[in-house]
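Right, one structure below, let's go through it.
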Amino acid sequence: MHLSAQEEYGLRCLVQLARHDGAEPMRIQEIASAEGLSAEYVAKLMRILRNGGLVASTRGASGGYRLQRAATAMSLWQAIEVLGGPLFPESFCEAHPGTLRDCVHSPDCSIRGVWRSLNSLLKVALTGITVDDLTRGEYGTVARLGRDWLDAMAAADGAKQELK
C-alpha cells in the first residue's frame, strides 16, 4: 500500500486552506507557492477537490478556494476517497482475474479477506482524523492521535477482558 502523490499533495492543499484565516479565498498561486508545487498541478488538485465537494471556488479578481465545510468536519477518509479512492475498491477482484474471465479465487479468497479487513480498519482510523488535526504540526497531531488511539486500545482491551 502506498499513498499516491495526488493524495499527498491534495491533503497538503486542504491543510493550507484550513490554516488560511483570511476573509478572502486562497488563490491557486498562494497554495502552490506555500507547498512548492506548480500552479497547474494545484489547479488540477483543486478541481478534483471541488468536484468531490470538499472545497468551494469563487470566480473573479478576488476569487480562489476555501473549504466547503469546517476542517473539523472533514475527515481524512473523505479526502482520500475524493483524491484517490479506497485501498480496496469493490471492483478490485474483477480487474485481476489473471488470464481467465473470472478469478479462480472468487468464491473464497483469503487475500480479498485481508484487503477488505485492512480497508475497514483504515477507514475507521482515517474517519477519526480530521483536516483540522493536520493543522497542528507533526508533534501536535501525533500527540492528539496517540491519546485517541491509546483510549481506543484501552477500550478494546477492556472489551476483550469482558469476553473472557
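For the reader, a short list of remarks on this structure follows.
- Test: S91 is at pLDDT 75 or above and among the hydroxyl-bearing types (S, T, Y): no
- Of all the listed residues (M46, M26), the sole one being closer than 23 Å to L126 by Cα and either touching a strand residue (DSSP E or B) at 6+ places or on another chain (Cβ under 6 Å) or free of Cβ contacts under 8 Å to residues at least 60 places away in the same chain (or both) is M46.
- From the options I31, I48, residue that is assigned to a helix (DSSP H, G or I), surrounded by fewer than 19 Cβ atoms within 10 Å (Cβ to Cβ) and among the hydrophobic types (A, V, I, L, M, F, W, C): I48
- Count of residues meeting criterion [surrounded by fewer than 17 Cβ atoms within 10 Å (Cβ to Cβ), among the aliphatic types (A, V, I, L, M) and touching a residue at least 24 places away in the same chain (Cβ under 8 Å)] in segment 57-75: 2
- Qualifying residue in segment 14-26 (condition: in a loop (DSSP other than H, G, I, E, B), at negative phi and either surrounded by 17 or more Cβ atoms within 10 Å (Cβ to Cβ) or at pLDDT 95 or above (or both)): yes
- Subset tally (residues that are without any contact (Cβ under 8 Å) to a residue 24 or more places away in the chain and either crowded, with 17+ Cβ neighbours inside 10 Å or under 22 Å from T130 (Cα atoms) (or both)) for segment 34-43: 1
- Leading residue by the ranking (surrounded by the fewest Cβ atoms within 10 Å (Cβ to Cβ)) among those in segment 94-132 that are modelled with pLDDT of 70 or more and of a type in the set (S, T, N, Q): S110
The values are calculated or read from the model by the stated rules, or taken from the named source; none is laboratory data. Computed from a predicted structure; not experimentally measured. Note that each Cβ is placed from the backbone with ideal geometry, even for glycine, and that neighbours are counted across all protein chains shown.
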